[in-house]
Structures are given as structure tokens and as C-alpha cells.
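Trainee: I have a structure here, written as C-alpha cells, and I will follow up with some questions on it.
The values are calculated or read from the model by the stated rules, or taken from the named source; none is laboratory data. Everything quoted here is computed from the prediction, not taken from an experiment. Backbone-built Cβ (ideal geometry, glycine too); neighbour counts: all protein chains shown.
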Amino acid sequence: EADIYQTPRYLVIGTGKKITLECSQTMGHDKMYWYQQDPGMELHLIHYSYGVNSTEKGDLSSESTVSRIRTEHFPLTLESARPSHTSQYLCASSAGEGYGYTFGSGTRLTVV
Amino acid sequence: DQQVKQNSPSLSVQEGRISILNCDYTNSMFDYFLWYKKYPAEGPTFLISISSIKDKNEDGRFTVFLNKSAKHLSLHIVPSQPGDSAVYFCAAYSGAGSYQLTFGKGTKLSVIP
């Protein structure tokens, strides 16, 4: 079944560690997105990609980076995690306008 | 500046009654609107959408109404069921720009059995 997968689901790490949040989709979508969401708040776009080797920063400033070497894979990396990075990170993909986004289950990151 | 506003953080409704979730937007360039449902520790799932050329779209128990002049849309769920208890996000985008959804803060719906 076509879907979008995020790993890990939960992660607790120490300050200063480097982490990569994985996101993969099997739907062949060109468009992929990373959102950050805190409880009770809206989803904020932090990165997006419209195809291989295309990445852009979103509206919310983020210290993370992304890469898009393959259509199906859109990992997000934090070089040095800090407590302010504690949040839920949601990956999504889309076939384009009118098709909506398909979201992964999210990664709940806690930096201690 | 928040372009998509959901002013009610929470809503409680009795099972079987109608749930009405509201959403206002400020960007007149938005021409496509979506509702997503989110359970705790899960990603949002698409529920229903509406294009600005329509004022109503219906899918089973879910109906979305759009009032362009008021820049307001609402999601009606009838009859409400306990399984509908979740956070509902309103989202919008402009077809004239890049395809990026702008989300509201969400409304937590509790359906009481």
C-alpha cells in the first residue's frame, strides 16, 4: 500500500547531538514538505522540495537542513540539537494542486 | 500575521448532534481550502476540501461551507460520533503561488457519548 513513513516515532536525545529524521514515500510524489508543530499551535512549514535536488526553506526559520537525492526520500538533519528543538516534526508529500497532502505519523523529538 | 485562524481552541458536542468547526482567513489569494483531522501522536489525515468556485462540498457526514465574501469556512459533522474526537485543522493555499498549505492552530473536538 502506498504510504509515507517517518522514523523514529519518538526520540529523546541529549543537547549537542546530531540527528537525522527519516521520511520516505512510496507514491512517487514530487512535492515533499517538513512541518513543525507544538501542542495547540499551527503547523509551521520549515522545508519543502518540489523534486530531486530541489530544497527550499519554509516560513519558519529552522536550524535544520534537508536533502532530496531521491524522489522517495526527504531526510531532515539537526547538526547540534538543543532543547528549543523539542517539537513534533511532520513530513508530508503531495501529487500537486488539488490533491492535498499525505502526512506521515510524525516524529516526537525531545532534546534534554 | 496569522493568515488562517481557528478561534475556538476546543469544542464539546453530544453524540448524535451536529459539530460546527469554524475557520477564518485573511489572504484573499487563497482559493483552495482543506480540513484535516489529527489524533494525538499521529500525522494529520485529509478529511474534505473545497475550491473557491464552490460554496459547499459534502462527503458523507462531513460538509464544508465556504463564504468567500466573509472569508469564512466551516466544517459540519452530523451526526457526531465519539470517534470524531480529534483536533481539526483548517488549511488553505493559493493556486497562483507555490503549492504550500497554510494551517490554522486547530480546534480540539470532543464528542461526548
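Trainee: With the condition being of a type in the set (Ser, Thr, Tyr) and in contact with a strand residue (DSSP E or B) (Cβ under 7 Å, 6 or more places away or on another chain), I'd like the strands (runs of 3 or more DSSP E) fully within the stretch A:1-84 carrying at least 3 qualifying residues.
Mentor: Answer list for the stretch A:1-84: A:44-51.
Trainee: I need every pair where a residue in the stretch A:86-108 that is of a type in the set (Phe, Trp, Tyr) has its Cβ under 6 Å from the Cβ of a residue that is assigned to a loop (DSSP other than H, G, I, E, B), sequence separation at least 6 or different chains.
Mentor: Close Cβ pairs satisfying both conditions: A:PHE103/B:GLY43; A:PHE103/B:PRO44.
Trainee: What's the number of the only condition in (1) in contact with a Gly (Cβ under 7 Å, 6 or more places away or on another chain); (2) assigned to a loop (DSSP other than H, G, I, E, B); (3) modelled with pLDDT of 95 or more that B:CYS23 fails to meet?
Mentor: (2)
Trainee: Tell me the residue from B:PHE65, B:PHE103, B:PHE30, B:PHE89 that is under 10 Å from the mean Cα position of the chain (by Cα) and farther than 25 Å from A:ASP3 by Cα, please.
Mentor: B:PHE65
Trainee: Among what's in the stretch B:4-30 and is surrounded by 13 or more Cβ atoms within 10 Å (Cβ to Cβ) and at the interface with chain A (Cβ under 10 Å from one of its Cβ atoms), pick the residue that is farthest from B:ALA92 (Cα to Cα).
Mentor: B:GLN6
Trainee: With respect to A:VAL52, is the statement that it is farther than 15 Å from A:ARG9 by Cα, crowded, with 20+ Cβ neighbours inside 10 Å, without any contact (Cβ under 8 Å) to a residue 40 or more places away in the chain and hydrophobic (A, V, I, L, M, F, W, C) true?
Mentor: No.
Trainee: Something else now. Pick from the stretch A:68-109 the residues that are at pLDDT below 95 and of a type in the set (Asp, Glu): which of them is nearest to the chain's Cα centre (by Cα)?
Mentor: Of everything passing the filter in the stretch A:68-109, A:GLU79 is nearest to the chain's Cα centre (by Cα).
Trainee: Just wondering, is there one or more residues in the stretch B:39-54 that are more than 14 Å from every other protein chain (Cβ to nearest Cβ), touching a residue at least 12 places away in the same chain (Cβ under 8 Å) and of a type in the set (Lys, Arg)?
Mentor: no
Trainee: Scan the stretch B:13-30 for residues that are β-branched (Val, Ile, Thr) and either touching a Lys or Arg at 6+ places or on another chain (Cβ under 8 Å) or free of Cβ contacts under 8 Å to residues at least 60 places away in the same chain (or both) and jot them down.
Mentor: B:ILE20, B:THR26
Trainee: Looking at the stretch B:58-108, which of its residues are within 14 Å of chain A (Cβ to nearest Cβ), buried (at least 20 other Cβ atoms within 10 Å of the Cβ) and part of a strand (DSSP E or B)?
Mentor: The answer is B:VAL64, B:ALA86, B:VAL87, B:TYR88, B:PHE89, B:CYS90, B:ALA91, B:ALA92, B:TYR93, B:THR102, B:PHE103, B:THR107.
Trainee: Would the stretch A:85-99 turn up any residue that is loosely packed, with under 14 Cβ neighbours inside 10 Å, in contact with a strand residue (DSSP E or B) (Cβ under 8 Å, 6 or more places away or on another chain) and more than 12 Å from chain B (Cβ to nearest Cβ)?
Mentor: no
Trainee: If you scan the stretch A:57-112, which residues turn out to be among the charged types (D, E, K, R) and farther than 21 Å from B:ALA91 by Cβ?
Mentor: Correct list: A:GLU63, A:ARG68, A:ARG70, A:GLU72, A:GLU79, A:ARG82, A:ARG108.
Trainee: Related question: I'm trying to understand the selection: among the residues of the stretch B:32-46, which are on the phi < 0 side of the Ramachandran plot, surrounded by fewer than 19 Cβ atoms within 10 Å (Cβ to Cβ) and not polar (S, T, N, Q)?
Mentor: Of everything in the stretch B:32-46, those that are on the phi < 0 side of the Ramachandran plot, surrounded by fewer than 19 Cβ atoms within 10 Å (Cβ to Cβ) and not polar (S, T, N, Q) turn out to be B:TYR39, B:PRO40, B:GLU42, B:PHE46.
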